[in-house]
Amino acid sequence: MNNILFVDDKREVYDKFRFFRKIDYAKDLEEARFMIYSKRYDLIITDYHLGEKAPKGGIEIIKIARSLGIETILMSTQNHEEEGLEAGAKRFIFKKELLEKWTMLNPIQLINLKD
């Protein structure tokens with residue numbers, strides 16, 4: 001799994017991850033859409049809320065990714081697990097949990113991680 005896209009409207013969250021892995025970053029729904037259609041990604045990790053213009057932008061990203069056969073992980077500070085899984089996310093994870101486990105796991109392990 002080489003090509004990973006991280007989508008979050010808060011750059012400081014991405015900054016905590018980029019030191020551990022080479023991953024691309026999109027700050028909003030529009031930029032993520034452009035990047036998804038411009039490059040082949042193996043995994044997309046997206047926040048649920050992508051700013052005021054896209055309060056449920058992560059769900060739209062999951063649907064786009066699913067149509068292209070790209071696995072996704074939905075992250076959030078609030079529980080949107082059911083909605084994310086129904087949209088097609090492989091996994092839901094709280095941001096705090098992701099921060100704790102990111103350095104120890106490769107993306108495949110993160111997808112398959114049991115709670």
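The values are calculated or read from the model by the stated rules, or taken from the named source; none is laboratory data. Not measured: the values here are computed from a predicted model. FYI the Cβ positions are ideal-geometry reconstructions off the backbone, even for glycines, and counts take in every protein chain you see.
If you go through the stretch 59-115, how many residues are surrounded by 18 or more Cβ atoms within 10 Å (Cβ to Cβ), among the β-branched types (Val, Ile, Thr), assigned to a helix (DSSP H, G or I) and modelled with pLDDT under 95? Final tally of qualifying residues: 1.
Within the stretch 57-81, the residues that satisfy the criterion of being under 14 Å from Lys95 (Cα atoms) and free of Cβ contacts under 8 Å to residues at least 24 places away in the same chain are Thr77, Asn79, Glu81.
Take Lys56 and decide whether it is surrounded by fewer than 17 Cβ atoms within 10 Å (Cβ to Cβ), closer than 19 Å to Val13 by Cα and of a type in the set (Lys, Arg).
On the way: surrounded by fewer than 17 Cβ atoms within 10 Å (Cβ to Cβ): yes; closer than 19 Å to Val13 by Cα: yes; of a type in the set (Lys, Arg): yes.
In short, yes.
For the stretch 14-56, a residue qualifies if it is more than 21 Å from Lys90 (Cα to Cα), assigned to a helix (DSSP H, G or I) and either touching a Ser or Thr at 6+ places or on another chain (Cβ under 7 Å) or at pLDDT below 90 (or both), and the qualifying residues are Asp15, Lys16, Arg18.
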